[in-house]
1. Checking Leu168 against (1) part of a helix (DSSP H, G or I); (2) surrounded by fewer than 21 Cβ atoms within 10 Å (Cβ to Cβ), which test does it fail?
2. From the list Val156, Val185, Val177, Val161, pick out the single residue that is touching a residue at least 12 places away in the same chain (Cβ under 8 Å) and assigned to a helix (DSSP H, G or I).
3. Just checking, does segment 201-208 include any residue being free of Cβ contacts under 8 Å to residues at least 60 places away in the same chain, closer than 27 Å to Tyr301 by Cα and out of contact with any helix residue (DSSP H, G or I) (no Cβ under 6 Å at 6 or more places or on another chain)?
4. For the subset of segment 84-105 comprising residues that are of a type in the set (A, V, I, L, M) and in a loop (DSSP other than H, G, I, E, B), which member is surrounded by the most Cβ atoms within 10 Å (Cβ to Cβ)?
5. From the list Ala269, Ala300, Ala280, Ala296, exactly one residue is part of a loop (DSSP other than H, G, I, E, B) and of a type in the set (A, V, I, L, M). Which is it?
6. Within segment 79-101, can you find the residues that are under 23 Å from Leu306 (Cα atoms) and touching a residue at least 24 places away in the same chain (Cβ under 8 Å)?
7. Cβ-Cβ distance below 7 Å, separation of 6 or more or different chains: which pairs start in segment 231-242 with a residue that is free of Cβ contacts under 8 Å to residues at least 60 places away in the same chain and within 13 Å of Arg255 (Cβ to Cβ) and end on one that is surrounded by 12 or more Cβ atoms within 10 Å (Cβ to Cβ) and among the hydroxyl-bearing types (Ser, Thr, Tyr)?
8. Which residue out of Trp275, Trp334 is touching a residue at least 60 places away in the same chain (Cβ under 8 Å), surrounded by 15 or more Cβ atoms within 10 Å (Cβ to Cβ), closer than 22 Å to Trp171 by Cβ and among the aromatic types (Phe, Trp, Tyr)?
Amino acid sequence: VREEKYGYDSQETRQYFPYTAVKNGVLDTYADLFGLVFERATDIATWHPDVEAYRLRKSTSGQRGDGKGQILGVFYLDMHPRDDKYKHAAMFPMQTGLATGRLPIASLVCNFPNPTSGDALMEHQDVETFFHEFGHLLHQLLASRASFVNLGGIAVEWDFVEAPSQILEEWAWSHEVLARFAKHVKTGEVIPVSLVEKMGRSDEFGKGAETMRQLFFAAYSYFLHERDPAKVDLEAFSDEIFAKFSPYARVPGDRIYCNFGHLIGYSSAYYTYQWSLMIAKDLFGRFAKAGIMDRATAQAYADTILAPGGLKDSVDLVQDFLGRPFSLDAYRAWLSE
C-alpha cells in the first residue's frame, strides 16, 4: 500500500547508500557542524578486525580535519554482523569522561552490511538508525564536565535520554545533508530532491498507528512494573494491555514479555521514546529556523544540551537552549502532518 500510494521503492533508495559512503558522510556532517575532528586511530587495539577505533578532537581552526585540537574522547565503530554478536544497534558507554581530565570512551555497535562482501547497500531506515545512535555517541563523548561518573555522559533523566539521539534523526531526512554523501553506487548521481521527498511522504504513512504502537509499549512497560511480580499473570496482563492500548490484535503465543527487549535495561521507562521525541521535535525547531547545518546553533546545542550531562535537570537544559520551557506544539504539528 505504501509503495502504491507514494511511488516509493526502498530498493531504489538503497542504491544511494553504500555503507562506506554513509559512514564517511555521517562523520563529515558532524565534523563540519560541531567543529570536530574524527581521527582514525590504527594504534588503538580493537576486539575484532572489523572494528575501527577513532579519537575525537576539537578542531582548533574551525575547519574539519585539521587534527590539531584537544582530544575529547575515544570511540569504536563495531558496525557489521558476525556470529555471537549483539544483534541490534546501540551505543555502549565504556568510560565516562570527567572534569578531572579522564577521557570518555564509547562504542557504537550496529549490524550494517559489510563492504568486504560487495557494495554493502543500506536501507534508509538503517541510515536513520546510524544518525540516531551517533546522537547517543556524541552525548556520551561531549559531556565531560562532571566530577562524578553518575552525572557524566548520558547520565540524564530517563525522560530525556532519547532526545539527543532522536533529534539527530532529522539530519537523515534532509536533502541538504544527504546530498553530501548519498550518491548512486553505479552512476555517481547525487540523490534527487524528488526521491528524498518521496521518502518523507512515505514515512508519514501509518504514523498514527505506529505512534499508538509505541504508546502501547510504553503502557506495557509502565504498568507491568506496578504489579506484584510474585502474583502477576503475564498472559492475563498482556491480554489486558493489548485490549486497552494496542491498535492491533494480539497474536496468540507471542510471549511479548519475553521478546520485548527494552523491558531489560529500560524497565518501566519505555515511555521515554515518545516523551523524548516530543522534546527532540521542539529542540529541532531552532535548527529549522537557523538552518540544519548552522554552526552557531550546533555549538549552542552542544554547550547547553550535551556538555552538561546530568549536572542540570533536563528541563533546564531545554530552557537554556530554547530560551523558554519545552512545548508540545512541535510534536502535535508533526503528528498532524
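The values are calculated or read from the model by the stated rules, or taken from the named source; none is laboratory data. Here the structure is a predicted model, which is why all the values come from computation and not from measurement. Here the Cβ positions follow ideal geometry from the backbone for every residue, glycine too, while neighbour counts run over all protein chains shown.
1. The one condition Leu168 does not meet is (2).
2. On the way: Val156 fails: assigned to a helix (DSSP H, G or I); Val185 fails: assigned to a helix (DSSP H, G or I); Val161 fails: assigned to a helix (DSSP H, G or I).
Unique residue meeting the criteria: Val177.
3. Here is the first cut: in segment 201-208, the residues free of Cβ contacts under 8 Å to residues at least 60 places away in the same chain are 203.
Then keep just the ones that are closer than 27 Å to Tyr301 by Cα; that gives 203.
Narrowing further to those that are out of contact with any helix residue (DSSP H, G or I) (no Cβ under 6 Å at 6 or more places or on another chain): 203.
Yes, segment 201-208 has at least one match.
4. Let us first name the residues in segment 84-105 that are of a type in the set (A, V, I, L, M), namely 89-91, 94, 98-99, 103, 105.
Keeping just the survivors that are in a loop (DSSP other than H, G, I, E, B) gives 89, 98-99, 103.
Values: Ala89: 17, Leu98: 19, Ala99: 13, Leu103: 16.
Here the answer is Leu98.
5. Details: Ala300 fails: part of a loop (DSSP other than H, G, I, E, B); Ala280 fails: part of a loop (DSSP other than H, G, I, E, B); Ala296 fails: part of a loop (DSSP other than H, G, I, E, B).
Going through Ala269, Ala300, Ala280, Ala296 in turn, the sole match is Ala269.
6. Within segment 79-101, Ala89, Ala90, Met91, Pro93, Thr96, Gly97, Leu98, Ala99, Thr100 qualify.
7. Matching pairs, first to second residue: Leu234/Tyr257; Ser238/Tyr257.
8. Numbers: Trp334 fails: touching a residue at least 60 places away in the same chain (Cβ under 8 Å).
Of Trp275, Trp334, the one residue that is touching a residue at least 60 places away in the same chain (Cβ under 8 Å), surrounded by 15 or more Cβ atoms within 10 Å (Cβ to Cβ), closer than 22 Å to Trp171 by Cβ and among the aromatic types (Phe, Trp, Tyr) is Trp275.
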